[in-house]
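The values are calculated or read from the model by the stated rules, or taken from the named source; none is laboratory data. Quick caveat: nothing in here was measured; it's all calculated off a predicted structure. Quick reminder, even Gly has a Cβ in these numbers, built from the backbone with ideal geometry, and neighbours come from all protein chains shown. Side chains included, ligands, DNA and RNA excluded: accessible areas come from the protein's heavy atoms. Shrake-Rupley method; radii C 1.70, N 1.55, O 1.52, S 1.80 Å.
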Amino acid sequence: MAKRRLPRIAFDYLDGGVEDETCLERNRKAFERYRLVPRYLVDVSTRDQSTTLFGHTYSSPFGIAPTGSTGFLRRGGDEMLAQAAAAANIPFVLSGSSNASIETIAAVAPQHAWVQLYAARDPTVTHDLVRRARDAAFKTLVVTVDVPVRSKRERDIRSGFGAAPRPSPRVLIDMLLHPAWLAVIARHGIPPFESWLPYVGANARALDVAKFLASQFPAPQTWQDLETYRRLWPGTLVVKGILHPDDARRAAELGADGVIVSNHGGRQLDCAPAPIEALPAIREAVRDRIVLAIDSGVRRGADVLKAVALGARFVFVGRATLYGVVAGGLAGATRAIDILREEIDLVMAQLGCRSLADLDGSLRTQ
Ligand SMILES: Cc1cc2nc3c(=O)[nH]c(=O)nc-3n(C[C@H](O)[C@H](O)[C@H](O)COP(=O)(O)O)c2cc1C
């Protein structure tokens with residue numbers, strides 16, 4: 001449904017990966033390598049998939065990963081995802097290149113929204129973004145580290161995403177063939193990256209804000225910067241995009257509270273391992289010192305359970321809920337969450353698990 005609703009320039013941005021998209025494929029294949037062995041003759045008439053993470057008991061072991069430009073895909077998409085997450089009692093991570101501002105989302109989902117940081121080249125901007133997140137009473141800051149450069153996303157290059165401000169005739173015709181999406185853009189314009197507006201000018205146009213963001217991002221980032229964020233951020237600090245055990249260990253040593261083992265949904269390094277493959281060694285390296293979460297390639301409830309059985313405390317989904325919000329707005333986002341939640345519940349019953357703690361021992365590799 002999301003594909004039908006969006007012109008190619010927007011759908012390919014949502015759906016695509018880097019270069020040959022082998023990483024994108026590997027993320028799925030890696031989950032398929034694992035089996036969950038059912039256990040029967042257990043009374044599973046009541047099942048509980050709740051998980052406590054950083055002091056909050058969430059109703060499911062998954063949350064919504066940060067995705068930039070969501071408002072371009074569906075007007076108000078950030079707000080809808082945040083609202084759906086809060087209603088379902090799961091976390092929603094606001095992207096560093098979101099359309100809705102930090103302050104807006106703090107008001108929409110005060111107990112459930114986390115905020116993701118994309119550092120700017122100008123450190124005063126970065127520090128101000130962190131300050132604003134703190135002042136808006138966010139409890140959890142997610143620092144994404146896997147974008148040292150803009151990656152070569154060939155679908156975006158072909159479709160013209162993020163290129164010329166004036167779409168080519170081919171792109172225009174495709175937009176005209178998707179009137180539901182186009183009507184909203186024609187009426188309201190392309191939404192700006194609202195968190196970045198104050199650094200450009202309150203009345204700046206979306207294009208000016210996008211140009212500013214492009215001039216500031218990606219910024220060079222080192223371990224020293226992570227130390228700085230740890231000093232600036234009084235709350236929970238999570239590092240997203242880790243795939244090497246030594247990096248996970250170092251993040252823990254610098255005082256991070258958790259890492260998200262992730263390859264950015266196959267959008268950054270095409271030869272990167274699938275997070276599910278990288279997880280066991282990372283778990284071995286950090287043991288229980290920090291919380292380990294995982295994302296990339298999760299499409300089914302069983303994938304969530306496989307990740308938990310392999311030692312992840314929590315799982316994030318990017319595209320799964322994006323497809324939902326694009327297809328059906330708030331109801332679509334809620335539906336996507338419900339589908340995953342229901343699948344987790346059904347698979348738990350087959351595995352003889354009343355709670356996630358019972359999962360141990362259900363996993364087999366091929
Ligand atoms: C359209 C799109 C935009 C994304 N934007 C961001 C972003 O702004 N910040 C970030 O840390 N990760 C971003 N990601 C990566 C997601 O947070 C997450 O790691 C990835 O989507 C997980 O893979 P999945 O889509 O297979 O679930 C984006 C992913 C997608 C699909």
> For residues in the stretch 304-321 being open to solvent by 10 Å² or more (accessible area, probe 1.4 Å) and touching a residue at least 60 places away in the same chain (Cβ under 8 Å), which is nearest to the ligand (Cβ to nearest atom)?
Replying inline: GLY318
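Give PRO234, PRO192 a once-over and let me know the one that is assigned to a loop (DSSP other than H, G, I, E, B) and surrounded by 16 or more Cβ atoms within 10 Å (Cβ to Cβ).
Numbers: PRO234 fails: surrounded by 16 or more Cβ atoms within 10 Å (Cβ to Cβ).
That would be PRO192, the only listed residue that is assigned to a loop (DSSP other than H, G, I, E, B) and surrounded by 16 or more Cβ atoms within 10 Å (Cβ to Cβ).
Answer yes or no as to whether LEU363 is within 16 Å of PRO61 (Cα to Cα) and modelled with pLDDT under 95. Walk me through it before giving the result.
Numbers: within 16 Å of PRO61 (Cα to Cα): no; modelled with pLDDT under 95: yes.
The answer is no for LEU363.
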> When both residues are 6+ apart or on different chains and their Cβ atoms are under 9 Å apart, which pairs have a first residue that lies in the stretch 338-358 and is at positive phi, and a second that is of a type in the set (A, V, I, L, M)?
Replying inline: GLY352/LEU41; GLY352/VAL42; GLY352/VAL44
> Restricting attention to the stretch 183-219, which residues are β-branched (Val, Ile, Thr) and in contact with a Lys or Arg (Cβ under 6 Å, 6 or more places away or on another chain)?
Replying inline: VAL184
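For the structure I just gave you, tell me whether ILE344 is under 28 Å from ASP78 (Cβ atoms), of a type outside the set (Ser, Thr, Tyr) and either under 16 Å from the mean Cα position of the chain (by Cα) or within 16 Å of the ligand (Cβ to nearest atom) (or both).
Values: under 28 Å from ASP78 (Cβ atoms): yes; of a type outside the set (Ser, Thr, Tyr): yes; either under 16 Å from the mean Cα position of the chain (by Cα) or within 16 Å of the ligand (Cβ to nearest atom) (or both): yes.
Against the criterion (under 28 Å from ASP78 (Cβ atoms), of a type outside the set (Ser, Thr, Tyr) and either under 16 Å from the mean Cα position of the chain (by Cα) or within 16 Å of the ligand (Cβ to nearest atom) (or both)), ILE344 qualifies.
Pick from ARG39, ARG35: which is in contact (Cβ under 8 Å) with a residue 24 or more places away in the chain, open to solvent by 80 Å² or more (accessible area, probe 1.4 Å), in a loop (DSSP other than H, G, I, E, B) and not aromatic (Phe, Trp, Tyr)? Full working, then the answer.
On the way: ARG35 fails: in a loop (DSSP other than H, G, I, E, B).
Sole residue among the options that is in contact (Cβ under 8 Å) with a residue 24 or more places away in the chain, open to solvent by 80 Å² or more (accessible area, probe 1.4 Å), in a loop (DSSP other than H, G, I, E, B) and not aromatic (Phe, Trp, Tyr): ARG39.
Among the candidates ASP146, ASP135, single out the residue that is charged (D, E, K, R), within 12 Å of the ligand (Cβ to nearest atom) and open to solvent by 10 Å² or more (accessible area, probe 1.4 Å).
Details: ASP135 fails: within 12 Å of the ligand (Cβ to nearest atom).
Unique residue meeting the criteria: ASP146.
Take ARG299 and tell me if it is on the phi < 0 side of the Ramachandran plot, open to solvent by 10 Å² or more (accessible area, probe 1.4 Å), within 16 Å of the ligand (Cβ to nearest atom) and out of contact with any Leu (no Cβ under 8 Å at 6 or more places or on another chain). It would help to see each step written out before you state the result.
On the way: on the phi < 0 side of the Ramachandran plot: yes; open to solvent by 10 Å² or more (accessible area, probe 1.4 Å): yes; within 16 Å of the ligand (Cβ to nearest atom): yes; out of contact with any Leu (no Cβ under 8 Å at 6 or more places or on another chain): yes.
For ARG299, the condition - on the phi < 0 side of the Ramachandran plot, open to solvent by 10 Å² or more (accessible area, probe 1.4 Å), within 16 Å of the ligand (Cβ to nearest atom) and out of contact with any Leu (no Cβ under 8 Å at 6 or more places or on another chain) - is met.
Can you tell me which residues in the stretch 265-324 are in a strand (DSSP E or B) and in contact with a Pro (Cβ under 8 Å, 6 or more places away or on another chain)? Even if it seems obvious, please write down each step before you answer.
Of all residues in the stretch 265-324, those in a strand (DSSP E or B) come to 291-295, 314-317.
Passing the criteria: ILE294, ASP295, PHE314, VAL315.
If a residue must be open to solvent by 30 Å² or more (accessible area, probe 1.4 Å) and closer than 22 Å to VAL286 by Cβ, how many such residues does the stretch 218-227 contain?
Step one: of the stretch 218-227, the residues open to solvent by 30 Å² or more (accessible area, probe 1.4 Å) are 220-225, 227.
In the following step, the residues that additionally are closer than 22 Å to VAL286 by Cβ were identified as 221-225, 227.
The number of residues fulfilling the criteria is 6.
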>> On the basis of being within 12 Å of the ligand (Cβ to nearest atom) and open to solvent by less than 30 Å² (accessible area, probe 1.4 Å), does GLY266 make the cut?
In response: yes
>> Can you tell me which of (1) open to solvent by 80 Å² or more (accessible area, probe 1.4 Å); (2) more than 18 Å from the chain's Cα centre (by Cα); (3) closer than 21 Å to ILE294 by Cα is the one GLU25 doesn't meet?
In response: (2)
> Which residues, taken from the stretch 57-81, are farther than 25 Å from LEU182 by Cβ, within 15 Å of the chain's Cα centre (by Cα) and either among the basic types (Lys, Arg) or more than 11 Å from the ligand (Cβ to nearest atom) (or both)?
Replying inline: PRO61
> Applying the selection to the stretch 197-217, what residues are exposed (fewer than 12 other Cβ atoms within 10 Å of the Cβ) and farther than 20 Å from THR70 by Cβ?
Replying inline: GLY201, ALA202, ASN203, SER215
> What are the residues in the stretch 1-14 that are surrounded by fewer than 20 Cβ atoms within 10 Å (Cβ to Cβ) and away from the ligand (no atom under 14 Å from the Cβ), if any?
Replying inline: MET1, ARG4, ARG5
> Somewhere in the stretch 28-47, is a residue within 30 Å of ILE9 (Cα to Cα), within 16 Å of the ligand (Cβ to nearest atom), among the charged types (D, E, K, R) and under 18 Å from the mean Cα position of the chain (by Cα)?
Replying inline: yes
> Which condition breaks for GLY17 when tested against (1) within 13 Å of the ligand (Cβ to nearest atom); (2) open to solvent by 30 Å² or more (accessible area, probe 1.4 Å)?
Replying inline: (2)
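With the structure loaded, tell me whether THR334 is among the polar types (S, T, N, Q) and more than 16 Å from the ligand (Cβ to nearest atom) or whether it fails that test.
On the way: among the polar types (S, T, N, Q): yes; more than 16 Å from the ligand (Cβ to nearest atom): yes.
Yes.
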>> Just to be sure I understand, how many residues within the stretch 272-321 are basic (Lys, Arg) and within 15 Å of PRO66 (Cβ to Cβ)?
In response: 1
